[in-house]
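Q: Please read through the structure below; I'll follow up with questions.
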Amino acid sequence: MSRACRGLVEGGLVTGCHSNRKKIIFKKLSITNKNINMSLKISSVKRRLKEGQVCFGTMLRVLKSPQAVALCASEGWDYIILDTEHNDYDYETLGNFSLMAKYEELGLFVRVPDKLYHQMAQMLDIGAEGLILPQVKTGEETRHIIQSVKYAPMGQRGVSISTTATLFRDYKIDEYIEWANRELMTIVQIESEEGINNAEKIISTEGVDAIMIGPADLSHDMGISGQLHHPRMEEAFREVITQCNKYGVAPGVHLNNMEDVNKWVNEGMRFITYSYDSKFIKDAYKESLSTLRNMADGNNKK
């Protein structure tokens with residue numbers, strides 16, 4: 001049952017709610033109860049990673065309609081990442097996506113352009129359920145991130161209760177802060193040789209939930225741009241996996257090839273971001289159009 005269905009049932013607005021991904025049926029709809037019991041969202045991604053499971057997500061770069069959240073959720077993705085480092089998502093779009101995600105189980109994370117306090121804190125206030133932090137190279141940078149995204153006593157994030165996160169329900173400050181420190185995810189990207197050399201210092205920092213290696217930037221920084229199967233790259237991947245397993249952090253990577261995904265899942269990667277929206281669309285268009293043209297050519301030869 002979805003969060004929206006569960007809230008309606010618990011709030012007494014319906015006596016039954018059945019969903020089979022194709023339709024939702026509500027019975028005995030009533031609007032007498034204004035306080036639907038919608039609790040603060042629990043991160044299924046964080047829970048599953050802590051249990052040692054593998055989570056699969058994808059990245060959005062061009063889709064701007066918040067309907068994309070429901071689209072991705074309908075196919076079972078565990079999470080989506082809105083990429084603001086390299087793309088043009090504005091604050092209103094981010095807010096709309098974040099609100100939509102509160103009614104789905106999948107996690108909604110935002111990759112920020114840089115590790116600046118106002119960018120990190122603001123994305124969480126807008127309603128992101130976790131942040132992807134690019135180009136982290138040292139333990140000191142990692143500690144700065146934790147200070148920025150966690151409330152005291154874990155950090156120094158300025159207190160502001162997100163109305164998107166709460167769905168405009170009323171919560172006590174201490175209740176909200178405890179939830180935010182526990183549920184909102186901090187995912188660090190290691191994308192440089194310096195970051196690999198400091199992997200243990202980065203990964204051992206309290207508050208880091210997962211690592212997402214950026215292979216393109218990492219290989220470029222190593223002087224072997226695009227050579228994802230180079231022995232130095234594979235050694236770097238394995239170093240991250242080793243340190244993550246040592247400190248109870250989920251190792252992960254962003255990949256675009258199924259064979260690579262299979263290889264690294266088998267070696268221990270568990271936070272797997274696969275491809276991105278525009279590539280999915282282009283690949284589907286190319287495959288379909290090729291099939292259609294071959295079909296037409298075959299009919300013309302008859």
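The values are calculated or read from the model by the stated rules, or taken from the named source; none is laboratory data. If you're wondering where the values come from, they're calculated on a predicted model, not measured in any experiment. Positions of Cβ are generated from backbone atoms using ideal geometry, with glycine treated the same way; all protein chains shown enter the neighbour counts.
Q: Would you check if there is a residue in segment 102-115 being in the same structural domain as S204 (by TED's automatic domain parsing), outside any loop (DSSP other than H, G, I, E, B), over 15 Å from T273 (Cβ atoms) and touching a helix residue (DSSP H, G or I) at 6+ places or on another chain (Cβ under 7 Å)? Walk me through how you get there before you give the answer.
A: First pass over segment 102-115, keeping only residues in the same structural domain as S204 (by TED's automatic domain parsing): 102-115.
Remaining after also requiring outside any loop (DSSP other than H, G, I, E, B): 107-111.
Add one more test, that the residue is over 15 Å from T273 (Cβ atoms), and what stays is none.
Scanning segment 102-115, I find no residue that is in the same structural domain as S204 (by TED's automatic domain parsing), outside any loop (DSSP other than H, G, I, E, B), over 15 Å from T273 (Cβ atoms) and touching a helix residue (DSSP H, G or I) at 6+ places or on another chain (Cβ under 7 Å), so the answer is no.
Q: Of all residues in segment 200-216 being small (G, A, S) and surrounded by 21 or more Cβ atoms within 10 Å (Cβ to Cβ), which is nearest to G226 (Cα to Cα)?
A: Pass one, segment 200-216, residues small (G, A, S): 204, 207, 210, 214, 216.
After this cut, where a residue has to be surrounded by 21 or more Cβ atoms within 10 Å (Cβ to Cβ) as well, the list is 210, 214.
Working: A210: 24, G214: 11 Å.
Checked segment 200-216; the qualifying residue nearest to G226 (Cα to Cα) is G214.
Q: Turning to a different aspect of this structure: Does D221 satisfy the criteria of being of a type in the set (D, E) and either on the phi > 0 side of the Ramachandran plot or touching a strand residue (DSSP E or B) at 6+ places or on another chain (Cβ under 6 Å) (or both)?
A: On the way: of a type in the set (D, E): yes; either on the phi > 0 side of the Ramachandran plot or touching a strand residue (DSSP E or B) at 6+ places or on another chain (Cβ under 6 Å) (or both): no.
Spelling it out, it is not the case that D221 is of a type in the set (D, E) and either on the phi > 0 side of the Ramachandran plot or touching a strand residue (DSSP E or B) at 6+ places or on another chain (Cβ under 6 Å) (or both).
Q: Quick one: T205 ticks every box in (1) of a type outside the set (D, E, K, R); (2) within 19 Å of G130 (Cβ to Cβ); (3) assigned to a helix (DSSP H, G or I) bar one, so which box is it?
A: (3) is the only condition that T205 fails.
Q: Looking at E104, is it at pLDDT 95 or above and surrounded by fewer than 16 Cβ atoms within 10 Å (Cβ to Cβ)?
A: On the way: at pLDDT 95 or above: yes; surrounded by fewer than 16 Cβ atoms within 10 Å (Cβ to Cβ): no.
Here the answer is no, as E104 does not meet what is asked.
Q: Note down all Cβ pairs under 9 Å where the first residue falls in segment 73-91 and is assigned by TED's automatic domain parsing to the domain that holds V54 and at positive phi, the second is modelled with pLDDT of 95 or more and surrounded by fewer than 21 Cβ atoms within 10 Å (Cβ to Cβ), and they're at least six residues apart or on different chains.
A: From residues that are assigned by TED's automatic domain parsing to the domain that holds V54 and at positive phi, the pairs are G76/F56.
Q: Would you please list the contacts, defined by Cβ atoms under 6 Å and residues six or more apart or on different chains, that run from a residue in segment 178-203 that is under 19 Å from Y247 (Cα atoms) to a residue that is basic (K, R) and assigned to a helix (DSSP H, G or I)?
A: Listed by first residue and then by second, the contacts come to M185/K46.
Q: Given the residues R232, R169, R238, which is the only one that is surrounded by fewer than 16 Cβ atoms within 10 Å (Cβ to Cβ) and free of Cβ contacts under 8 Å to residues at least 24 places away in the same chain?
A: Details: R169 fails: free of Cβ contacts under 8 Å to residues at least 24 places away in the same chain; R238 fails: free of Cβ contacts under 8 Å to residues at least 24 places away in the same chain.
Only one candidate passes the filter, namely R232.
Q: Next question. Taking the conditions exactly as written (surrounded by 18 or more Cβ atoms within 10 Å (Cβ to Cβ), modelled with pLDDT of 95 or more and in contact with a Cys (Cβ under 6 Å, 6 or more places away or on another chain)), does V110 satisfy them or not?
A: Values: surrounded by 18 or more Cβ atoms within 10 Å (Cβ to Cβ): yes; modelled with pLDDT of 95 or more: yes; in contact with a Cys (Cβ under 6 Å, 6 or more places away or on another chain): no.
No.
Q: Same structure, new question: Can you name the condition, by its number, that Q156 falls short on among (1) in contact with a helix residue (DSSP H, G or I) (Cβ under 6 Å, 6 or more places away or on another chain); (2) of a type outside the set (D, E, K, R); (3) farther than 21 Å from V188 by Cβ; (4) in a loop (DSSP other than H, G, I, E, B)?
A: Single failed check for Q156: (3).
Q: Still on this structure: Tell me, yes or no, whether segment 159-170 has at least one residue that is among the polar types (S, T, N, Q), in contact with a Leu (Cβ under 6 Å, 6 or more places away or on another chain) and assigned to a helix (DSSP H, G or I).
A: So the first thing to find is which residues in segment 159-170 are among the polar types (S, T, N, Q), and the list is 160, 162-164, 166.
Filter once more, keeping what is in contact with a Leu (Cβ under 6 Å, 6 or more places away or on another chain): 164.
Within this subset, residues satisfying the condition of being assigned to a helix (DSSP H, G or I) are 164.
Yes, because at least one residue in segment 159-170 is among the polar types (S, T, N, Q), in contact with a Leu (Cβ under 6 Å, 6 or more places away or on another chain) and assigned to a helix (DSSP H, G or I).
Q: With segment 1-94 as the region, which strands (runs of 3 or more DSSP E) entirely inside it contain at least 2 residues that are over 14 Å from the mean Cα position of the chain (by Cα) and modelled with pLDDT under 55? If you could, list the steps in order and put the result at the bottom.
A: Details: elements: 16-19, 24-27, 55-60, 79-83.
Correct list: 16-19, 24-27.
Q: Moving on to the next point. Does segment 241-256 contain any residue that is over 30 Å from I146 (Cβ atoms), part of a loop (DSSP other than H, G, I, E, B), at pLDDT 95 or above and among the β-branched types (V, I, T)?
A: Scanning segment 241-256 turns up no residue that is over 30 Å from I146 (Cβ atoms), part of a loop (DSSP other than H, G, I, E, B), at pLDDT 95 or above and among the β-branched types (V, I, T).
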